[in-house]
Amino acid sequence: MMQKSDTPYMADWFAISIRWIMLVGLIVSLGLVQKIDAVSMWPLAIIIIWNLAMTVLAGLNVRITYLRHISLLVDLILAGAFFLVQGGLRGPAFWTGLLPILTGSIYFAFFGGLIAALLFSGLVFYTGIQVQEDLSLTLVVIGILASLSLVFGFLGRRMMVHTGQNRALSMDAEEKARAIQSERMRAIYELTSTLSSTLSYKRVLESTLDISVTALNPDPEQSDSESLVGAVLLFNSGKLRIGSARRFTNADMRTTFDGADGVLKKALDEGEPISFKDIGHDPELGHVIALRNCVSGYCFPLRSGLNVYGVLLFAHPQPDYFNQERLNLLDIIGKQAVIPLQNARLYQDLFEEKERMIEVHEEARKKLARDLHDGPTQSIAAMAMRLNIIRHIMIKDVKGAGEEIVKLEELAQRTTKEIRHMLFTLRPLILESQGLAAAVQAMADKMMETYAQEVVVNIDERVTTQLDMGKQGVIFYIIEEAVNNARKHASAESITVRLRQMESGIAFLEILDNGVGFDMKSMSGGYDQRANSSLGMVNLRERSELVNGLLQIDSAPGKGTKIQVYIPLTEDAADRLNNPQNK
């Protein structure tokens, strides 16, 4: 039977090497006395063939059953045969008995060497008696063989102990390497499982960093992970901000990066991972306290298609910490984290959009309540007061009562128009039946009828045909909000509404008035705090974002107001419009 091992059998290689050395020595000895012939060389040829076979098996890490016993027996037989063929003690190869002694010492230490020496000594003693050799020479040779068996047995024992220790260390190292590899694979599997089972933005970031540290340092006996610095930097409002970090100070967590210089810029521009040195000299990362003791670093851009979400950053004090194996692991982890990060970002955006829509509807209800309070409610209160006056004066002054009734009728008619205008803006049915142009024109007509406000409408029908009904509804409310703000606050004599196609895939909406205007700086400050004075601007900006539009407002005291909205009609146009380089 055959036994196969993942590691070489070192004892076999020692025995094979000794056997080759002995063969070379024997051939040289025979050559010196010129006794090389076919008759006397056959045992040597068998030894060569035997050793070749053992060399092939050792090269394949294969060992036959009872190989040690068979090797010792074969060496004894062939060495004895060669000893007899070459003339015994008087021949040139009298020392051939060393071969089985060495083989026995390698495989069985003292016991093997002594047994081989005793058996070969018996052969020497027998041949000495048969050929009537000098007994003293025979005993000397036997004594030398016994002594050599003790020496080689001792050395064989040491070799066996040393070989066993080395084999144990090798197996421990292999087992440790397998355990480390298994731990890394487990960490990657855990990363995949964790990230695919959550839509929590924060959990994605925390899991990415935790599992990265585990994968980079799976051996608990090593302390490298205690010095490893890691962070996930994400884009927010045009700047890279720290989403999650390890070993960052509180001051570091508040740091923001422009990504416009150094390692961050290079990684973001090229879209490829970068390993780097001398972090302290980096124009942006050099300001982070946690990175000042680090020498080597690695930056992986978190990118999916054309969308760049941020970077995964790691650093360590050791200059050669990020070897190729660790870099490959970080590449795998970074690629695995991008998709869940994208899903978490989309989920968060949807959640924020939902919250914003709720807020928009709440603001619309508040606006309706204010409009009802400022318009119809006041008018109805005035009508009630006039009815009371009429009731008192009818007795004394019938003519005056008639004039009051006329005024009351006018007030009721105006109130009715205001309520109808409010109902129209809440749900313009004409928008669904006839489209945006007809709805805006109807709104302009009602403005003139109700408030005597002139609104000039110029809408290109070719643009409206490219807009779905949802976008037409949002654009209508943008126009209605802007026109209503101009009527209420600007005291404008004329308001103009234009909608046309500016370039391929982009519509251009413009609302102009010749009113009193306002100070943009003070109004922008109010917008940040969502003050009542800038609520109209809030609504305009949020509704523009609903159609992926770009809003621009230009106004100054005494110079009127110009509101412009660039509206993408295709996805490509939306990418071009919202790309900061194209703005």
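Checked against a 30 Å cut-off, the cross-linked pairs K239/K521; K266/K471; K354/K446; K202/K354 give Cα-Cα distances beyond that limit for K266/K471; K354/K446. Based on Cα contacts under 8 Å between residues 6+ apart, segment 435-583 shows a relative contact order of 22 percent. Across segment 249-262, coupling constants 3J(HN,Hα) worked out from phi with the 6.51/-1.76/1.60 Karplus curve, θ = phi - 60°, read 7, 4, 5, 4, 5, 8, 6, 10, 10, 7, x, 10, 7, x Hz, and Gly and Pro carry x.
For segment 435-583, the alpha carbon positions stretch 39, 35, 22 Å along the principal axes, listed from largest to smallest.
Kindly state, to the nearest 0.05, the FRET efficiency for S504 paired with E410, given R0 = 60 Å and r defined as their beta-carbon distance. So the FRET efficiency works out to roughly 0.70. Extension gain, D331 to I393, is 13.3 nm, computed as 0.36 nm per intervening residue step minus the present C-alpha separation. Summarising the label geometry, the points placed 7 Å from Cα in the beta-carbon direction at Q318 and N250 lie 3.3 nm from one another. Spin-label pair N236-F351: with each label point 7 Å from Cα along the Cα-Cβ axis, the two points sit 1.3 nm from one another.
When averaged across all projection directions, what area in nm² does the alpha-carbon convex hull of segment 198-353 cover? That works out to 9.0 nm², a quarter of the Cα hull's surface. Between K562 and W20, the distance separating the two model label sites (each 7 Å from Cα on the Cα→Cβ line) works out to 9.2 nm.
Estimated from the Cβ-Cβ distance and a Förster radius of 60 angstrom, the FRET efficiency linking H162 and I274 is about 0.80.
Read-outs throughout are calculated quantities, based only on the coordinates presented, and are distinct from any laboratory measurement. Note that this is a predicted model, so its numbers are computed, not measured. Methodologically, a virtual Cβ is constructed for each residue, glycine included, from the backbone with ideal geometry; neighbour enumeration extends over all protein chains shown.
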